[in-house]
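Let me begin by presenting the structure, written as structure tokens, before commenting on it.
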Amino acid sequence: MFADKYLQKNGHQILINKLPEQKPGLIVVIPCFREPDLVATLESLNKCDLPEVAVEVIVLINHSEKAEEATIRENEQTKTDADAWIAKNKKEGIHFFVVGPVQLKRKWAGAGLARKRGMDEAIRRFNLNDSKDGILVSLDADTLVAKNYLVAIEKHFRDFPKHVGATVAFEHQKQQLSGKHLEGIELYELYLNYYKRALHYSGYPYSMFTIGSAFAVTAEAYVKRGGMNRRQAGEDFYFLQNLVQLGTVGEITTTKVHPSARLSNRVPFGTGPILQKWMKGEEDLQLTYNFKAFKDLEQFFAKKDQLFKTQPNEYSEFVNTLNEPIKQFLLLDNFSVDLDDLNNNCSRLESFRLRFFQKFNAFRILKFLNFAHENYYQKADLRKQVELLDQEQ
């Protein structure tokens, strides 16, 4: 079976003893930690039009092995409520499983490990039928979905069988919001869109939204990529940015997920903490990365072919042609070491172009942006930066 070695290497323990009633073609995985509104998400999925393939939903209720009693009680109540809902809402073609509460090792407890445990169980269930083309979908327990959500995801991978993954369009729940809270989530969404578009403008080929509740991946690609990481936050960003090195990650815009815009401090960063800081006046969502920094990247990426088989003295001359922020970053970050590795392993310009962005990837871009704003630029008005970007496109 396609995932035997992966499951053995990761020491995965069976979470669901019941065998699939039908060969699943799409499995939605939902990590759940202190989620009082899980049933609303389950109802949203249950109202979906169903694709031709069988669908399973795996909810992994979890907490740290050192969790406080209040958290344990809340998770146990969530499990009770979810089990009661499932018992009353049987439906042909979609099966719900609520696992837990699962205790996670204190060192790793968090969103990444919870998502990984649930996704690995989905892989195990795909593996029972050697379904390497199964679709593994990532969702969050506070997120609602459009009626065509499951159908649109299945159709995308049927239409684009070579895609290793896909992101899903999103829009936060805003109906009950007003005042500063509403302004905050609107600014945050504007920032996410600006950042993705600015990356694309710079010439980076893998610009995408990296939202944990809004992506899908094929079972085979998940295993080849080594599975989900155990980061306590930002696991979605790291997973997707590594996934693009494996193949094309598409973009599903024919449906939407609707994450919650609530205030939260359950994870170190993300929508909840950012909004909470905004409400407290600790974060100004009206400011963002200066567009000039993306223009520096655009200048550099447009010239990257000149670095193919370049000699040390030629590299120095090349760097001196760049704007000061990117020039100093390349020197301080020792990019020449990675460039030497690229040139030693790329015999053709085409392969150099492809592997270039494995070295100057999204992580390095973020590192550059922070460096540039610590030393050269000030963060600037978000709406003004969007206007500047619009003028260039």
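The values are calculated or read from the model by the stated rules, or taken from the named source; none is laboratory data. This one's a predicted model, so the numbers in the text were calculated from it and none came from an experiment. Every residue, glycine as well, gets a Cβ built from its backbone with ideal geometry; the counts of neighbours run over all protein chains shown.
Here are the numbers:
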{"item": "Single unsatisfied condition, TRP278 versus (1) part of a loop (DSSP other than H, G, I, E, B); (2) touching a residue at least 40 places away in the same chain (Cβ under 8 Å)", "result": "(1)"}
{"item": "TYR238 being at negative phi, assigned by TED's automatic domain parsing to the domain that holds GLY11, aromatic (Phe, Trp, Tyr) and in contact with a strand residue (DSSP E or B) (Cβ under 6 Å, 6 or more places away or on another chain)", "result": "no"}
{"item": "Qualifying positions in region 334-372 - closer than 20 Å to ASN193 by Cα and surrounded by fewer than 18 Cβ atoms within 10 Å (Cβ to Cβ)", "result": "ASN361, PHE363, ARG364, LEU366, LYS367, ASN370"}
{"item": "Residues located in region 47-68, provided they are hydrophobic (A, V, I, L, M, F, W, C) and either modelled with pLDDT under 95 or under 19 Å from LEU150 (Cβ atoms) (or both)", "result": "CYS48, LEU50, VAL53, ALA54, VAL55, VAL57, ILE58, VAL59, ALA67"}
{"item": "Wholly enclosed helices (runs of 4 or more DSSP H) of region 1-108 bearing at least 3 residues buried (at least 17 other Cβ atoms within 10 Å of the Cβ) and touching a residue at least 12 places away in the same chain (Cβ under 8 Å)", "result": "38-46, 69-88"}
{"item": "Condition check for LEU199: more than 29 Å from GLU43 (Cα to Cα), surrounded by 18 or more Cβ atoms within 10 Å (Cβ to Cβ) and among the hydrophobic types (A, V, I, L, M, F, W, C)", "result": "yes"}
{"item": "Subset tally (residues that are within 23 Å of ALA261 (Cβ to Cβ), of a type in the set (A, V, I, L, M) and outside any loop (DSSP other than H, G, I, E, B)) for region 114-152", "result": "5"}
{"item": "Members of region 205-214 that are touching a Phe, Trp or Tyr at 6+ places or on another chain (Cβ under 8 Å), surrounded by 20 or more Cβ atoms within 10 Å (Cβ to Cβ) and in contact (Cβ under 8 Å) with a residue 60 or more places away in the chain", "result": "SER213, ALA214"}
{"item": "Members of region 109-139 found to be crowded, with 24+ Cβ neighbours inside 10 Å and among the hydrophobic types (A, V, I, L, M, F, W, C), listed by number", "result": "ALA111, LEU113, ALA114, MET119, ALA122, ILE123, PHE126, ILE135, LEU136, VAL137, LEU139"}
{"item": "Enumeration of residues in region 31-75 that are closer than 30 Å to GLU92 by Cβ, of a type in the set (D, E, K, R) and in contact with a strand residue (DSSP E or B) (Cβ under 6 Å, 6 or more places away or on another chain)", "result": "GLU56"}
{"item": "Candidates GLY179, GLY203 - the one that is more than 17 Å from GLN385 (Cα to Cα) and either acidic (Asp, Glu) or modelled with pLDDT under 95 (or both)", "result": "GLY179"}
{"item": "Any chance GLY184 is touching a helix residue (DSSP H, G or I) at 6+ places or on another chain (Cβ under 6 Å), in contact (Cβ under 8 Å) with a residue 24 or more places away in the chain and either part of a helix (DSSP H, G or I) or basic (Lys, Arg) (or both)", "result": "yes"}
